[in-house]
Each structure stands twice: as structure tokens, then as C-alpha cells.
Amino acid sequence: MLTIGGRSQGHFCDGFSRRDFLKVGGLALGGMSLPQLLAAESRAGIGRSHKAVIMVFLAGGPPHQDMFDLKMDAPAEIRGEYKPIHTNVAGLDICEHMPRLAGMMDKLVVIRSMVGAHPDHSAGQCLTGYSDALSKAQGGRPSLGAIVSKLQGPVVPSMPPFIGLSPKTREPRWGNPGDPGYLGTANAPFTPFRSESKGQGEMAVDVGRLQGRMALLDQVDSWRRVAETHEAVAGMDAFTHRAYDILASRKLFDALDVTKEDPKLRAKYGVGDMKAEADGPPCCNDHFLMARRLVEAGARCVTISFGRWDTHGQNFRSCRTRIPKLDKALSTLIEDLYQRGLDQDVSVVVWGEFGRTPKINKDAGRDHWPRVSFALLAGGGMRTGQVIGATNKYGEFAKDRPVTFQDVFATLYHNLGIHPESAVADRSGRPMYLLDRFEPIQEVI
């Protein structure tokens, strides 16, 4: 573990042992041998584009009928306070607080008929395609990022294939960046904004400290110099050196350092902050920019948790602030991917664990509604500018074309070049299919 923060968190450069370096070596490279690693690097090619996924989790369940499925003909206690606006796709209207996305809906797919959600709060189903209960019963289903790490490995040795930008949250299920499950910690996400390491060479770096890039790199360089003089280094094999290089590589730090971007582009994303929303994740728009920089630098999967959407009370007041932040960050990310020629290779998915009740409660809020919700897709070479599915006139259930979480996962795996019917071994060596449903969404591929 490498911990770098704004305040002293104890010594980390002294007392190296052989065990310490073995731990570093085991964290970073997904169990690939050096020849396999070099072959993967050769196949990838420095600077050549690769397939990747950016997954945005809206913790707590965003209100489908207030964002992408407004019901203006429903009674007042259902239709809510927001008005629809036209988009650049004929016949598709969305919430008035998303004017930037409205102007580029030809680059997105709206799924209005997501079904099969479970009523419990958790990022798990959005990260694995399985409910937490089923995942636990099957030994811990790995997240999509862990699967990608296991099956495809790193694009370049200095960049982890799977990165989770979600910070720790007081409600831990909302800050889950994507557990590796039975694939083990070698395929866990690298998580730069969490203070406890369970992933690949983790660093606890707050945003303010990260922005002090030179000081951060000075610490890394100092760590490298001290470590390289220690006798334990002599016993490290080439594989472990590569794992160690991920931790000390400037490539990773450079990708995380959004201050290297044009200030005008960063402002267009919206900076946001790392201030938690009660027990949920922050609305940190910088994470969208980091995600683009990371996939461009070689990451295969980046996860983001954005905002707390569990609006049992004052739904419209709180979403009036939160929805525009998402509109700003997401629209700029999609535009950025297109302008950089990454739209054919980088898939984006945005969703939450379930929807909200059609009927507004006495506290001007909406409660949990697992019967139907929405998802957004973009990039990945998909056929965009369309709506899939429909709900009934009150937004209560899927009337047409129900889509499951696993249908979306099959589509993402397809976009990544991974056959949805592939299998990986669990801890006992038993082959486990990635999904129970193997068919991608035909309308988009």
C-alpha cells in the first residue's frame, strides 16, 4: 500500500521487508507473467486506442420520471414540478435542467424500461449485474472492471486496467468502486481516493493534495530513492519490479492530475468538490475529466459514484441542484470523447440501483421503486440517438421492451470485445459464466 495525503499518516518508507515487496508485486498486475505482460503491451501498442468503459453510478436511485421519462399528462401528485424540453432527437423530451444533454441526445441512448432491480441500496447490481444476495450466495460475483482486468489485463504496465474513483462513503454500499469478488485482490480496482487499501497499490490522495502535483511527485521520487537503496530490492524479480513501477509511474499521476488540462475545458466539465452529500458520494465533476484522461492513458474500466439521489424528501429542491451538475459533467465527457476520436472505443453507462415512486409522498419526495428505472448509454460504437422501451402513463412499470441489468452488461462486454458467454474460475476453480443472460441489446450494436 502507498498512502500519500495532506497530513502525516505515519512512516511508509522505512522498515521494508521481503513481505512488503511481495505485497506490492501481488497487487498490481492481475497475475500475468512477465512474458504475458510484454506480449499484451506489444499487442496493445503505445498510443493505440483500446476498448474501455466509464461507469457512472447515481447512488440512491435517481428519479426516472423527473429526468428522462416525464409524465406531463399524469395527475399533479405524479408528474412533479419539472417541465420537459425538446432535444435534438425528434420526439424525445427530457428534463428542463439538462439543456446540454438535450443538445446532444443524438449521441446517447435512453433506456426507459430497466427492470429486475432489487429494493436494497447498493451499487452492487450496477457493478456486477447481480443482486447482492445472489452474488453472496455464489461466492462474490466480480464487478465488470475486475472481469476486464482478469481477461484482458493492462494495456500498458504503468496503468492499472481497473480504476475506481469513488471515495469512501458513510453508507459503504454507495462508495463501492467495484469489488473483485472471487477473482481476488489482484483484480481489484486501483482506488486513489480511498484511505484503506483493498486494491492495486492504493493511494489515499485528496483532490487538494493531488492538485499540488510537484509536491506529490517529489514524495513519490523520494519513496523510490529510499526503496531502491534497500537490500530487499535486490531480491525482487522482474514481475515485481513491474508491479512496483505502476505505483511510482508518473503516467498514472499525470492522468489523475486534471490541472494539466486547459482550464477552459476543466471549467466546462465543472470542477465540483469532494464534499460528501450526507452519507453518499460527492458531486465531483472532476472525476468525469479524470475518467477520460485515465482511459486515454490506458485504463480499461473507470467507475464513478456521483451524488446522493435517495430523495425521500424534497426531491425537486435537491435534484434542481444535482441534475444540472450531472448535465454539465456528462455532456462535456461525451463531447470530449467524440472530439478525441474515442467515441467508437469508450462506452459510457449512467444508472442507479432503482427508480423512484410515481406518486410524490407527503414530504415532497419519492421513495424506492425497483419496478422500473432508466439507464443512459453512449459511445462504444453503439447506434445512438434513440429511446429503448417505455413505461405506462404513470411511470409505474415497463410497458414496452423491458431491459435487464444483465442485458446492459452483455452489451458492455460485447463493446469491450469480451464474449458475454465467457467464463472465469471462482476460488474453487469452478468455471463461472460472466452472466446468466448473454444477448446484447440488439438495437444498439
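Could you derive backbone 3J(HN,Hα) for segment 64-80 from the dihedral phi with the Karplus parameters 6.51, -1.76 and 1.60 (θ = phi - 60°), listing whole Hz in sequence and x where the residue is Gly or Pro?
4, 7, 10, 10, 10, 8, 5, 10, 6, 8, 7, x, 4, 6, 10, 6, x
If one computes the Cα centroid of segment 92-112 and of segment 413-437, what distance in Å separates the two points?
Spelled out, the Cα-based centre of one part sits 33 Å from the other.
Mind jotting down a quarter of the surface of the convex hull over the alpha carbons of segment 313-445, in square nanometres, one decimal?
Values: hull surface 42.0 nm².
Average of the hull's projected areas for segment 313-445 equals 10.5 nm².
Could you name the lysines whose alpha carbon sits less than 20 Å from that of residue 168, not counting residues in the same chain fewer than 8 places away?
By straight Cα distance, residue 168 reaches 198, 275.
Can you order the peptides 281-292, 109-120, 416-427, 360-371 by their average number of other Cβ atoms within 10 Å per residue, highest first?
Highest mean packing first, the order is 281-292, 109-120, 360-371, 416-427.
What are the ³J(HN,Hα) values, in whole Hz, obtained from phi via the Karplus relation 6.51 cos²θ - 1.76 cosθ + 1.60 with θ = phi - 60°, for each residue of segment 372-381 in sequence order, with x given for Gly and Pro?
Here the 3J(HN,Hα) series is 7, 7, 10, 9, 10, 10, 8, x, x, x Hz.
What full-extension length gain, to one decimal in nm, is calculated for residue 173 and residue 137 as 0.36 nm per residue of separation minus the Cα-Cα distance?
Between residue 173 and residue 137, full extension yields an extra 11.2 nm.
In Å, the Kirkwood hydrodynamic radius of segment 347-415 over pairs of distinct alpha carbons? Please report the intermediate quantities before stating the final value.
On the way: mean 1/r = 0.0741 Å⁻¹.
When all Cα pairs of segment 347-415 are included, the Kirkwood radius is 13.5 Å.
Points 7 angstrom from Cα along the Cβ direction at residue 339 and residue 274: gap in nanometres?
So the label points at residue 339 and residue 274 sit 2.7 nm apart.
At a Förster distance of 25 Å, what's the computed FRET efficiency of residue 423 paired with residue 400, Cβ-Cβ distance as r, to 0.05?
The pair residue 423/residue 400 has a calculated efficiency of 0.15.
What pairs from 264/328; 107/328; 71/107; 328/359 go past 18 Å between their alpha carbons? Write out the running numbers ahead of the final one.
Details: 264/328 13 Å; 107/328 15 Å; 71/107 23 Å; 328/359 28 Å.
Going by Cα-Cα distance, 71/107; 328/359 fall outside the 18 Å limit.
If I model a spin label as a point 7 Å beyond the Cα along the Cα-Cβ vector, how far apart are those points for residue 433 and residue 88 in nm?
The modelled label-to-label distance comes out at 4.0 nm.
Under a Cβ-only charge scheme (Lys and Arg +1, Asp and Glu -1), can you give me the dipole magnitude of segment 245-373 about the Cα centre, in debye to the nearest 20?
Numbers: 22 positive and 19 negative charges, 99 e Å.
In total the dipole reaches around 480 debye.
Readers should treat all values here as calculations from the given coordinates under stated rules, not as data from a laboratory. Bear in mind that the values here come from a model prediction, so they are computed numbers and not experimental data. Note that each Cβ is placed from the backbone with ideal geometry, even for glycine, and that neighbours are counted across all protein chains shown.
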